Amino acid sequence: MTDIRDDVAATFTELFGYEPSGLWSAPGRVNLIGEHTDYNEGFVLPLAINRRTVLALGIRDDARIRIGSEFADEVVEIALDELAPDHLAGWSAYPLGVAWALGEHGADLAAVPGVDIYLDSSVPVGAGLSSSAAIESAVAIALNDVWQLGFDRQTLAKVGQLAENRAVGAPTGIMDQSAVLLGERDAAVFLDCRSLNDEIVPLGFAEADLQLLIIDTGVTHAHATGGYADRRKSCEAGAATMGVKALRDLTIDDLDRAREVLDDETFRRVRHVVTEDQRVLDTVRVLREQGPRAIGELLDASHASMRDDFEISVPELDLAVETAQANGAIGARMTGGGFGGSAIALASSSDISRIQVAIDGAFAEHAFQQPTMFVVTASDGASRE
Ligand code: GLA
């Protein structure tokens, strides 16, 4: 991390010709369990990971924003009073969308100074590890500090979500930004996506000699288009037919009635969400009562539900999960929005390399692109450096 921080500060100075006033950073996240439950006002259990976006920021004496990054050649420049979600495009829609969204939440953008921002990230893009929420949240806490807005982290999560929904155009929920802003070392964030109450749940992976392996399939996904929005619509339709505000309001006991009144596809979408909410509650309970070695079946069941009922897995994710399970993982599942991205496998430290070799072999056998694999640890959320 020290390296990225030094580089970011140095590149800022090179690019803008003066030294930044500070550095801020925010992690990526991985979801342990609770998929497509956030926008159904249900439960999620993500963790912040030890890969971060770092930014350097300097204050200007006019009302313009300039923003550069390691992953684009151009520096984007815009006046604060020109920020509008429909005019933002490309990678800069994430950070600039946040500046706009702070205004929507009550910041007086006519009264704050312009800023220069340079950012770099070690969160892989397109892996389903919320590289976008990491950027949004780093920018959100930085601007909240230098503009002295006084928003709490729950509000900053909503700011990031609004930027993602309106400036980027992805109809995503509140999970990613919440994980990135509220995460803590060696713990997961148990979030009720209706009340937005959060609890920190210790994971105890290290004590149990467990590691969490990410298997990035390299299959790309884009939530601004396609399947993600379709799934969200099915859930809303299912809730409306069942006469509830959100699928959060249904329990397993309601599934018999759901089967009668819903078409088969909508029923299976609903069954995934209702059973997944229950699995999150069960995972939290099992973690507390029995420890992390006992949560494997819940992870496995979550994957089966996403593959068969919600139908958001892809052959690469299924193969990664099956191979991990067959080679000693305690539990494995695809993670994130689906249609590509990453799977996770929870396994004893001594089994991790065997699992990696087996997955590499299985992917080669199926002529799939070689996946990227790495172990992550649960880390602290966004902060000033
Ligand atoms: C994406 C979205 C989240 C959430 C997950 C699925 O990561 O950004 O809000 O809906 O998919 O659980």
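The values are calculated or read from the model by the stated rules, or taken from the named source; none is laboratory data. Quick caveat, the model's predicted, so the values are computed rather than measured. Neighbour counts are summed over all protein chains in view; Cβ atoms, including those assigned to glycine, are modelled from backbone coordinates with ideal geometry.
Does residue 359 qualify as being buried (at least 21 other Cβ atoms within 10 Å of the Cβ) and either in a loop (DSSP other than H, G, I, E, B) or within 16 Å of the ligand (Cβ to nearest atom) (or both)? It would help to see each step written out before you state the result.
Numbers: buried (at least 21 other Cβ atoms within 10 Å of the Cβ): yes; either in a loop (DSSP other than H, G, I, E, B) or within 16 Å of the ligand (Cβ to nearest atom) (or both): no.
Taking the combined requirement at face value, the residue does not satisfy it.
The rows are residues; the columns are (1) of a type in the set (Asp, Glu); (2) more than 18 Å from residue 27 (Cα to Cα); (3) away from the ligand (no atom under 16 Å from the Cβ).
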position: 115; (1), (2), (3): no, yes, yes
position: 121; (1), (2), (3): no, no, yes
position: 128; (1), (2), (3): no, no, no
position: 133; (1), (2), (3): no, no, no
position: 153; (1), (2), (3): no, no, yes
position: 170; (1), (2), (3): no, yes, no
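Confirm whether residue 267 is within 23 Å of residue 333 (Cα to Cα), outside the structural domain of residue 341 (by TED's automatic domain parsing), touching a residue at least 24 places away in the same chain (Cβ under 8 Å) and aromatic (Phe, Trp, Tyr). Quick ask: steps written out before the conclusion?
Details: within 23 Å of residue 333 (Cα to Cα): yes; outside the structural domain of residue 341 (by TED's automatic domain parsing): no; touching a residue at least 24 places away in the same chain (Cβ under 8 Å): yes; aromatic (Phe, Trp, Tyr): yes.
Against the criterion (within 23 Å of residue 333 (Cα to Cα), outside the structural domain of residue 341 (by TED's automatic domain parsing), touching a residue at least 24 places away in the same chain (Cβ under 8 Å) and aromatic (Phe, Trp, Tyr)), residue 267 does not qualify.
Filtered by the rule that a residue be away from the ligand (no atom under 16 Å from the Cβ) and either buried (at least 24 other Cβ atoms within 10 Å of the Cβ) or at pLDDT below 95 (or both), the stretch 13-45 gives 24, 25.
Any residue that is outside any helix (DSSP H, G or I) and under 18 Å from the mean Cα position of the chain (by Cα) - is there at least one of those in the stretch 274-297?
Keep residues of the stretch 274-297 that are outside any helix (DSSP H, G or I), which gives 290-291, 295.
Imposing the further condition that a residue be under 18 Å from the mean Cα position of the chain (by Cα) reduces the set to none.
No, every residue in the stretch 274-297 fails to be outside any helix (DSSP H, G or I) and under 18 Å from the mean Cα position of the chain (by Cα).
Among the criteria (1) without any contact (Cβ under 8 Å) to a residue 40 or more places away in the chain; (2) under 16 Å from the mean Cα position of the chain (by Cα), the one residue 152 does not fulfil is (2).
Screening 188, 157 for residues that are surrounded by 24 or more Cβ atoms within 10 Å (Cβ to Cβ) and assigned to a strand (DSSP E or B) leaves exactly one candidate, 188. Looking across the stretch 98-117 at every residue that is under 22 Å from the mean Cα position of the chain (by Cα) and either within 16 Å of residue 66 (Cβ to Cβ) or not assigned by TED's automatic domain parsing to the domain that holds residue 62 (or both), the one that is surrounded by the most Cβ atoms within 10 Å (Cβ to Cβ) is identified as 98. Taking residues in the stretch 362-379 that are over 10 Å from residue 216 (Cα atoms), and partners anywhere that are surrounded by fewer than 19 Cβ atoms within 10 Å (Cβ to Cβ) and not polar (S, T, N, Q), the pairs with Cβ atoms closer than 7 Å and at least 6 places apart or on different chains are 369/218; 378/185; 378/186; 379/185.
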